[in-house]
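Just below is one structure, and these are the notes that go with it.
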Amino acid sequence: MKTVYFRLACLAVAVLLASCGGGGKQERRAQAVRLTTLAAQEGREVLQYPGRVKPKEDVSLAFRVSGTIRRMLPKEGERVAKGQLLAELDPGDYEVQLQATEAEYRQVKAEAERVMALYRDSGTTANAYDKAVYGLRQMEAKLRHSQDELSYTRLTAPFTGCVQKRLREAHETVGAGSPVLTLISTDAPEVEISLSAADYARRSEFSAFSCAFDVYPGQTYELSPIGIAPKANANQLYTMRLRLETGEGPLPAPGMNTTVSIHLRASEQEAYPVPTEAILEEGGRCSLLLFSPKDSTVHSVPVTVRRLLSDGTSLVSSPSLKAGDEVVSSGVHHVRDGEQVRPMARESETNVGGLL
């Protein structure tokens, strides 16, 4: 019986030693990775931003003097021409003031003329002559001021446009500088967008601008840049204004939403869209793992990330890349530079997921 137990124990030890010895000879199996083929971006790069149509001029108009509104002429939404009367104050007080100033002016003028005539005949002193001249000039300025105040009781349109809103009505008393209506221009509207900091840094590459509206399908409008605010807002966005070039199509109204396309100059180096997860970032440097079909190895290639595209991919460029090259698109963090890999079978375009 002891002999049987001894033989079983020896057999178990032999099996254990055999398994340990075989494990040392196992080789690391090549990892399976998914590859993507590089294709150059077609045409020039285009940035797209949502925008809003704004009037070229949007102002709040007010009287330069205080008083009671006598009448408000245009209605909200009514078009007005430049110089057209919009509102009027009761001019009574200013007319009385002007009459009193005119009477005072005539008196001062007559006295000044007599003194100046005497001075020419050497009948008075130079001091009296100077007082007469300066007094007349002061009176002329006072008269012009009274005339201006009377004219300020009439509010006229500074440009051709449309009354956006009436803020006051007739018979209300308003102070000088208190807005009574808002006026917007109706010609040559503008489009306003907010640029990201990354695209603001590339503003020197902007070459052409256009916009489209959902309400005007098939119609494209050309834009010309007006300027970009040099300081970002609280959201780290830079406001850009563009002039909408009116053509044969309908004129977009202020407040309409639009999609603005910014065309960039063609780059000297080709750019390739790749899945964002294919990019390795270490120490502030970005790279891709380029697959070599000769020996099934991958090699790290430094790249420059141009921008993130709207479909979730990233646009990259590198002098070491060309169209048709294959790069690792998934599993990049588990593969080392120079390691041999095993490409995964590509997914069929007509049998997505291998369900058929």
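A few notes on this one:
- Separation in nanometres of the label points that stand 7 Å from Cα toward Cβ, at Lys231 and Asp311: 4.1 nm
- Virtual spin-label span in nm between Ser224 and Ser261, 7 Å along Cα→Cβ: 2.1 nm
- Length gained on full extension, Asp214 to Ala39, computed as 0.36 nm times the residue gap minus the Cα-Cα distance: 59.8 nm.
- For a straight C-alpha distance cut-off of 29 angstrom, the lysines reachable from Lys294 (same-chain residues fewer than eight places away being disregarded) are Lys25, Lys322.
- Placing Arg307, Arg241, Arg114, Arg64 in order of accessible area, with the largest value first and a 1.4 Å probe, yields Arg64, Arg114, Arg241, Arg307.
- With the whole protein complex present, Thr125 retains an accessible surface near 80 Å², based on a 1.4 Å probe.
- If you sort Ser151, Ser318 by accessible surface, 1.4 Å probe, largest first, the order is Ser151, Ser318.
- Between the Cα long axis of helix 92-120 and the first principal axis of the chain there is an angle of about 60°, rounded to the nearest 10.
- Solvent-accessible area assigned to carbon and sulfur over segment 78-217 amounts to 49 percent, based on a 1.4 Å probe.
- Segment 179-249: C-alpha gyration tensor shape, a/c 1.5 cut-off, then a/b vs b/c: oblate
- Three-way shape label, segment 37-124, alpha-carbon gyration tensor, a/c 1.5: oblate
- Mean separation of Cα contacts under 8 Å (6+ apart) over length of the chain, as relative contact order %: 25 percent
- Estimated at 0.36 nm per residue, the fully extended path between Arg243 and Arg137 surpasses their Cα-Cα distance by 33.4 nm.
- Build a GNM of the chain with springs between Cα atoms under 10 Å apart, and of Ala112, Ala87, Ala278 the one that fluctuates most is Ala112.
- Rg and Dmax [Cα atoms of the chain; Å; Rg one decimal, Dmax integer]: 41.0, 163
- GNM top mover of Arg144, Arg166, Arg34 - the chain, alpha-carbon springs below 10 Å: Arg144
- Stokes-Einstein D (µm²/s) once Rh is taken as the Kirkwood radius of segment 180-329 over alpha-carbon pairs, at 4 °C in 1.567 mPa s: 69 µm²/s
- Accessible area in the full protein assembly, largest first, 1.4 Å probe, for Arg285, Arg106: Arg285, Arg106
- Exceeding the 26 Å Cα-Cα cut-off - candidates Lys165/Lys231; Lys54/Lys165; Lys75/Lys142; Lys56/Lys82; Lys82/Lys165; Lys82/Lys231: Lys165/Lys231; Lys75/Lys142; Lys82/Lys231
- Choice from Leu61, Leu118, Leu321 with maximal GNM fluctuation in the chain (Cα, 10 Å cutoff): Leu118
- Taking label points 7 Å from Cα along the Cα-to-Cβ direction, Ala345 and Asp90 give a separation of 9.4 nm.
- Cβ-derived FRET efficiency at R0 56 Å, Ser320 paired with Ser178, nearest 0.05: 0.25
- Compared with the direct C-alpha span, the chain from Val59 to Ser204 gains 49.0 nm at full extension, assuming 0.36 nm per residue.
The values are calculated or read from the model by the stated rules, or taken from the named source; none is laboratory data. Just so it is clear, the structure is predicted and the values come from calculations on it, not from any experiment. Every residue, glycine among them, receives a Cβ derived from its backbone with ideal geometry; neighbour counts consider all protein chains shown. To get the accessible areas, we keep the full protein, side chains included, count just its heavy atoms, and leave off ligands, DNA and RNA. Shrake-Rupley method; radii C 1.70, N 1.55, O 1.52, S 1.80 Å.
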